[in-house]
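Right, one structure below, let's go through it.
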Amino acid sequence: MNDNNSHAAAGVLLGLGIFMFILVFALAFYVFFCFCYKRICEKCGVTPGALIWIPFVHFIPLLQVAKMPVWTIILLFIPLVNVVWLIMLFAKLCIARGKSPWLVILMFIPVANLIFIPYLAFSE
């Protein structure tokens, strides 16, 4: 009976460790992409302030860079329309950064989609 308890405790600790690793990794990923969004805004002459660090609200400074109305953020919550809205947003962000809007295609290619936003943020 004592052996089963030790195995159960080890399993709980392992699961908790894996959960914490995933949580830290996801948080680091989120902070990095928010920093990239901040750089994009700054390079386009928009001061994002603290909004860039808040989930969903970080789209407001990006909408200002893309010269889209702020009310269109509501479209983010409509299924299928949100995909078209994000494509339009990121195409306009590419144009604002002086890049080809066709770069948005990278968002649909696995692994390349992870490079797309940092490319916009750190390229000249």
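For the stretch 86-108, filtering for residues that are among the small types (Gly, Ala, Ser) and loosely packed, with under 14 Cβ neighbours inside 10 Å leaves 2. If we keep just the residues of the stretch 99-124 that are over 17 Å from GLN64 (Cβ atoms) and small (Gly, Ala, Ser), which is nearest to the chain's Cα centre (by Cα)? Only one residue fits best here, namely ALA112.
Test of understanding: among PHE32, PHE19, PHE56, which residue is in a helix (DSSP H, G or I), among the aromatic types (Phe, Trp, Tyr) and closer than 22 Å to LEU76 by Cβ?
On the way: PHE19 fails: closer than 22 Å to LEU76 by Cβ; PHE56 fails: in a helix (DSSP H, G or I).
Being in a helix (DSSP H, G or I), among the aromatic types (Phe, Trp, Tyr) and closer than 22 Å to LEU76 by Cβ holds for just one of PHE32, PHE19, PHE56, which is PHE32.
Can you go through LEU76, LEU51, LEU93, LEU62 and tell me which one is more than 16 Å from TYR119 (Cβ to Cβ) and either assigned to a loop (DSSP other than H, G, I, E, B) or in contact (Cβ under 8 Å) with a residue 12 or more places away in the chain (or both)? Give the derivation first.
Details: LEU51 fails: either assigned to a loop (DSSP other than H, G, I, E, B) or in contact (Cβ under 8 Å) with a residue 12 or more places away in the chain (or both); LEU93 fails: more than 16 Å from TYR119 (Cβ to Cβ); LEU62 fails: more than 16 Å from TYR119 (Cβ to Cβ).
None of the others qualify; the one that does is LEU76.
Is it fair to say PHE116 is not in a helix (DSSP H, G or I) and not acidic (Asp, Glu)? Answer is no for this residue.
Listed here are the residues, each with its yes/no results for (1) farther than 22 Å from ALA121 by Cα; (2) touching a Cys at 6+ places or on another chain (Cβ under 7 Å); (3) modelled with pLDDT under 90.
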{"residue": "ALA8", "(1), (2), (3)": "yes, no, yes"}
{"residue": "LEU23", "(1), (2), (3)": "yes, no, no"}
{"residue": "PHE33", "(1), (2), (3)": "no, no, no"}
{"residue": "CYS41", "(1), (2), (3)": "no, no, no"}
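Quick one: is LYS99 charged (D, E, K, R), at negative phi and part of a helix (DSSP H, G or I)? If you could, list the steps in order and put the result at the bottom.
On the way: charged (D, E, K, R): yes; at negative phi: yes; part of a helix (DSSP H, G or I): no.
No, not satisfied.
Taking the numbered list (1) over 18 Å from PHE122 (Cα atoms); (2) surrounded by 15 or more Cβ atoms within 10 Å (Cβ to Cβ) in turn, PHE56 passes all entries but (2).
All conditions but one from (1) in contact (Cβ under 8 Å) with a residue 12 or more places away in the chain; (2) assigned to a helix (DSSP H, G or I); (3) surrounded by fewer than 16 Cβ atoms within 10 Å (Cβ to Cβ) apply to VAL83; the one that does not is (1).
The values are calculated or read from the model by the stated rules, or taken from the named source; none is laboratory data. Owing to the predicted nature of the structure, the values given are computational and were not obtained by experimental measurement. Backbone-built Cβ (ideal geometry, glycine too); neighbour counts: all protein chains shown.
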